[in-house]
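What follows is calculated from the coordinates using simple rules that are stated; it is not laboratory data. Predicted model, so just to flag it, every value in this text is computed and none were measured. Cβ: placed from backbone, ideal geometry, glycine included. Neighbour counts: every protein chain shown.
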Protein chains: 2
Amino acid sequence: MSHFADQLADSIKAKGTPLCVGLDPRFDMLPAAIVREHPDPASAYERFCLQVLDIVAPLVGVVKPQSAFFEACGPSGFTALRKVLEHAKQLGLVTILDAKRGDIASTAAAYAEAAFTAFNADSITVNPYLGRDAVEPFITAARKSGRGLFVLVRTSNPGAGLFQDLMCNGRPLYRHVGDAVAAWNRENIGKCGYGDVGAVVGATHRAELIELRAALPDAWFLVPGFGAQGGTAADVAAAIRPDGLGAVINSSRGITFPFKPDAADWEARIESATKEAIAALRAA
Amino acid sequence: MSHFADQLADSIKAKGTPLCVGLDPRFDMLPAAIVREHPDPASAYERFCLQVLDIVAPLVGVVKPQSAFFEACGPSGFTALRKVLEHAKQLGLVTILDAKRGDIASTAAAYAEAAFTAFNADSITVNPYLGRDAVEPFITAARKSGRGLFVLVRTSNPGAGLFQDLMCNGRPLYRHVGDAVAAWNRENIGKCGYGDVGAVVGATHRAELIELRAALPDAWFLVPGFGAQGGTAADVAAAIRPDGLGAVINSSRGITFPFKPDAADWEARIESATKEAIAALRAA
């Protein structure tokens, strides 16, 4: 059984980029040709995401479907989500199910079963507010089958600071969450030198990114907010360690929707946007 | 359009109890008769929960399906969850979808659409860690159709204090979250005197419950942890205001699984357990 951190490292080294493509399908932004053929949102999301996967699989090693957009379609959305995760696996991509789950122990175990068994994702994002019991069942489940998790530490949204920045015993809350992540992560380090409990750290807060990178040197960072949300390549570069590893840089809308719905060349545009994002990261 | 707080107040007054029945189906605890007829977990969960709803609907006004257990079944679990929510509505019950969602604004809006439109729940539990943007899209969506939400403030699990109890500017984190909930809730008070943004406050921390009750007099509290998790009727009584309203007291396993799988009289046992919980709350 291979260690999650090693799978991630191998995948990123093989493709030569830490870029992760986020799959956040939105019905009003889909190519018109797909909507004509698939008027049902769940079916349109599936078709669109499978095509996106085929386009980006030769270029990147990691993809991140956002559960919420599939959930908004109701039960059929979950069928689509599972097919998207399955297709990504078939293409050899490492998958991050962005679901931000968290609950008391027995319930967290059920969420972990959903993510790692029912949906067969390689990793999941987890919300730490409920404390120890909200995270540890995910870790236990992940370690049974070489999966991983990414715990929210400092998120990329404008209102994130309302609680995450509160000063607790002289340090902001997110640093306390970061310390807990560091301890969980150190329990199981892979051959690549990184562990299986990563941190979500937004690209839009550069100072925090630098501070957390120093505090958690052996944790994988999932860095959202690159591209459409305003994070630049220079901002996110702070998350990447000198070995070129340690960070998964996510871009969603900037890569998957660089076109108007009536564009005939939407596939070529997604391919170009992916290549441009890779080049921008490489230059930084 | 009726206000969520008023729906809740009317439902609790009509049944004369603040008891909420939590639906946390577990395959290994289901009645053997149901498993024989429905070897597929999703289908067994649906059958079991529909029968539980028929038993408890004459006795209580509120039910709370736990999304995680349905999610663990994969896509078919969501079909079951939707049917359970639909049946609860047909029986005139107020529904709380316990899903503890939370994400950046556009994603939170998709989760709200999932809860209030795709699954047609009357309310949802929300995780506040992502801050303002994680909660406000739920509020906006809820107010468009008379729905409500319950934001995690102080949860009932043993490891909850890891972050929730951290002292921030002289007060624990959960009090800061409580203040934010109080402000959101005050924006839209119903005729009954309560608002539509409630707080999740565990039954297992009595001192915090009393403190938060005083700080948020006009917010509905969803109080988990009564029964199997260790909270007594005397503990939870602190959440109920002098008008008999203000709290929804949840019991899940204690009510829905008071039997061994081979019990032939499991339906009668659920009915008795519900009546006993109602009586215990009334006595306290």
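Approximating the spin labels as points 7 Å out from Cα along Cα→Cβ, the B:Asp54-to-B:Glu136 distance works out to 4.7 nm. Counting charges near B:Arg213 (Lys, Arg +1; Asp, Glu -1) among other residues having Cβ under 15 Å from its Cβ returns a value of -2. Take B:Lys13, move 7 Å from Cα toward the beta carbon, and the resulting point lies 6.9 nm from the same point in each other copy, nearest first. Bridging of B:Lys15 to lysines at a Cα separation below 17 Å is possible for B:Lys64, B:Lys89, B:Lys275, once same-chain residues fewer than 8 apart are set aside.
Taking other C-beta atoms within 10 Å as the exposure proxy, B:Ile189, B:Ile55 rank B:Ile189, B:Ile55 from fewest upward.
Counting only DSSP H runs of at least 4 residues, each contributing -39500 (n - 2.57), and dividing by the residue count of chain B, the helix-based mean residue ellipticity at 222 nm comes to -13500 deg cm²/dmol.
Distance between the C-alpha centres of region B:238-284 and region A:104-126: 29 Å, rounded to the whole angstrom. For chain A, the relative contact order comes to 20 percent (Cα pairs under 8 Å, sequence separation of at least 6).
Put simply, the amide H of A:Leu97, placed in the peptide plane, has neighbours under 5 Å in A:Asp122, A:Ser123, A:Ile124, A:Thr125, leaving out anything fewer than 5 places away on its chain. Label separation (A:Ala215 vs B:Ala234): 4.2 nm, computed from points 7 Å beyond Cα along the C-beta direction.
Could you state the number of Å between the C-alpha centres of region A:1-41 and region B:177-217? Taking the Cα centre of region A:1-41 as reference, the centre of region B:177-217 is 40 Å away.
Here the contact order of region A:1-105, divided by its residue count and restricted to Cα pairs under 8 Å and six or more residues apart, works out to 32 percent.
Under 5 Å from the amide H of B:Leu222 lie the amide H atoms of B:Ala199, B:Val200, B:Val201, B:Val248, each residue being 5 or more positions distant or on a separate chain, with H modelled from the backbone and absent for Pro and chain starts. One chain, two ends: A:Glu276 and A:Asp6. Fully extended at 0.36 nm per residue, the span grows by 94.6 nm beyond their Cα-Cα distance.
Among B:Asp10, A:Asp54, A:Asp103, the order by Cβ neighbours within 10 angstrom, fewest to most, reads A:Asp54, B:Asp10, A:Asp103.
Among B:Thr140, B:Thr232, B:Thr256, the largest mean-square fluctuation in a Gaussian network model of chain B (Cα springs under 10 Å) belongs to B:Thr140. Close amide H pairs (under 5 Å, H built 1.01 Å from N) link A:Leu23 with A:Lys64, A:Gln66, residues at least 5 positions away or on another chain. The calculated FRET efficiency for the pair A:Lys260 and B:Ala283, based on their C-beta separation and a Förster distance of 56 Å, comes to about 0.30.
Our coupling estimate for region A:252-264, obtained by passing each phi through the Karplus curve with A = 6.51, B = -1.76, C = 1.60 and θ = phi - 60°, is 10, 4, x, 9, 8, 10, x, 8, 8, x, 8, 5, 7 Hz, Gly and Pro reported as x. In order along region A:228-241, the Karplus-derived 3J(HN,Hα) couplings, from 6.51 cos²θ - 1.76 cosθ + 1.60 at θ = phi - 60°, round to 3, 7, x, x, 8, 4, 5, 4, 6, 4, 5, 8, 8, 7 Hz, and Gly and Pro are given as x.
Straight distance only, please: which aspartates and glutamates reach the Cα of B:Lys144 with their own Cα at less than 13 Å, same-chain residues fewer than 8 apart left out? Correct list for B:Lys144: B:Glu113, B:Asp122, B:Glu136, B:Asp196. Among the GluC sites (Glu not before Pro) within region B:170-227, those in coil by DSSP and having at most 16 neighbouring Cβ atoms inside 10 Å are B:Glu187.
Computed 3J(HN,Hα) for region A:189-195, one whole-Hz value per residue from the Karplus formula 6.51 cos²θ - 1.76 cosθ + 1.60 where θ = phi - 60°, is 8, x, 4, 6, x, 10, x, glycine and proline marked x.
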